[in-house]
Amino acid sequence: MAELLDMKALIEPGRALTGEEKERYSRHILIPDIDMVGQQRIVNAKVLCIGAGGLGSPTILYLAAAGVGQIGILDFDKVELSNLQRQIIHTQADVGKSKARSAKEKAEALNPNVKINLHEFRLENHNALEVFAEYDLIIDCTDNFATRYLVNDAAALLGKPYIWGSIYRFDGQVSLFWSKEGPCYRCLHPTPPAPGSVPSCAEGGVLGVLCGAIGSIQTNEAIKLITGIGKTLIGDLLIYDALNNSSRYLEIKKSPNCPICSGTQRNLLSDYEEFCGLGNGITPAQLKARSNNYLLIDVREPEEFKISSISGAKLIPKINFEDGSIFSSLPADREIILYCRSGIRSDKCLSLLRNAGFNNSTHLKGGIIAWEESEK
Ligand SMILES: [Zn+2]
């Protein structure tokens, strides 16, 4: 493991606790390392949780139970039936409801002393810095690479620490990235993986209880950072294997080539999806190499479709994406690939599709023209 850093509490102790709070947090206050002053630090902290899903569920609940003074919940998604196997902050009655709102209700019911701020939108490069600025630290509970790089860069540019977690099947990883004090996510992963090369939980599955283990470790890092106790995961990647009950640590070194840590990148990127190879779509050769579990959609007009189409494609003209009428009938657990004649209409439909929460989607570059060209 990396050298023990001399931990300083991130948060100053706030106001004196009320009688009700002293009783509520008594099991914290009894721990000598936390004591009254540590609990006052927790009450004075502002933490942003990005994502109210698998990792966000235990994170938000434990932050609220611990009495973190302000908790931001950022999510634009809606609760689906397939979330309930692991996203324990939501219930059957919440299906169809906004995840951020559902999570806020549960956190407030658990502890009315905490203030919950709703951020019901997708984290983008034009809003990330503004939202992050309101908080002392950020917990990244997202599941896609474009958002992870955005979270890293925004946190680093503001000098704020953030706790990253990731899960897949039985495996989880956690680290604390803080470019002011140690390495950042880009030091660990300088370049994003090729699109489609790393399967998501929606494709490969995830053990529900793993979310509880990893989200709890992330929240534990937050509490330690806030109160200045113990040793955090700065400079270490924790790798947890639920199947064999084993944990190991990988030392992460600050990279001299990291654009964030070396200061060569002083702004957010203009397009993180493009950085992750998602913005420009896929080539005909990439489409042919895909395993056939995707849904291929032709967004042209019925007359064009009649003349020629790609085998296996379903016709859903562009208008259905523009008026949003098609989104409720599209599968959330399959990759969606769009195409049109030249790639212009499908690119437009792709941004509408991603805005509606279908992150696992792309389009065919050059459209059916490029496809037919590649067949020759
Ligand atoms: Zn770095």
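Computed from the coordinates by the stated procedures, all read-outs in this text should not be read as laboratory data. As the structure is a computational prediction, the values presented were derived from the model and not from experiment. Note that each Cβ is placed from the backbone with ideal geometry, even for glycine, and that neighbours are counted across all protein chains shown.
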Query - Relative exposure of HIS119, HIS363, HIS189, HIS126, judged by other C-beta atoms within 10 Å (fewest first) - result: HIS126, HIS189, HIS119, HIS363
Query - Label-to-label distance, nm, for residues given as TYR249 and SER311 (7 Å Cα→Cβ offset) - result: 5.5 nm
Query raised in the report: Taking neighbour counts of Cβ atoms within 10 Å as a proxy for exposure, in what order, fewest first, do GLU335, GLU108, GLU221, GLU23 appear?
Result: GLU23, GLU108, GLU335, GLU221
Report task. Go ahead and set up a Gaussian network model of the chain, Cα springs under 10 Å, then flag whichever of LEU55, LEU330, LEU188 fluctuates most. Result -> LEU330
Query raised in the report: LYS46: which lysines have alpha carbons under 23 Å from its alpha carbon, excluding same-chain residues fewer than 8 sequence positions away?
Result: LYS8, LYS22, LYS99, LYS104, LYS106, LYS115, LYS160, LYS180, LYS224, LYS231
Query raised in the report: How much FRET efficiency would the formula 1/(1 + (r/R0)^6) give for THR18 and THR91, where r is the Cβ-Cβ distance and R0 is 35 Å, rounded to 0.05?
Result: 0.70
Query raised in the report: Arranged by the count of other C-beta atoms within 10 angstrom, fewest first, what order do ASP298, ASP94 take?
Result: ASP94, ASP298
**Report entry** Candidates THR283, THR232, THR18: whichever shows maximal mean-square fluctuation once the chain is modelled as a Gaussian network with Cα springs under 10 Å
**Finding:** THR18
Report task. With only Lys, Arg, Asp and Glu charged, each at its Cβ (+1 for the first two, -1 for the last two), find how big the charge dipole of the stretch 83-188 is about the Cα centre; round to the nearest 20 debye. Result -> 220 debye
Query raised in the report: What trypsin sites (Lys or Arg not before Pro) does the stretch 304-362 have in DSSP loop regions with at most 15 other beta carbons within 10 Å?
Result: ARG334
Report summary line: Using alpha carbon positions and the Kirkwood radius, the Rg to Rh ratio of the chain is 1.01
Query - the stretch 26-136: radius of gyration over Cα atoms, expressed as a fraction of 2.2 N^0.38 Å - result: 1.11
Report summary line: Relative to the chain, whose Cα atoms define the longest principal axis, helix 99-110 and its Cα axis are tilted in degrees, nearest 10, by 20 degrees
Report task. Using only the Cα atoms of the stretch 284-375, build the gyration tensor, take square roots of its eigenvalues as a ≥ b ≥ c, and label the shape rounded, prolate or oblate: rounded if a/c is under 1.5, else prolate if a/b is larger than b/c, else oblate. Result -> oblate
Query raised in the report: To the nearest 10 degrees, how steep is helix 208-227 against the longest Cα principal axis of the chain, on a 0 to 90 scale?
Result: 50 degrees
Report summary line: Taking Cα atoms, the helix 344-355 axis meets the longest principal axis of the chain at an angle in degrees (rounded to 10) of 30 degrees
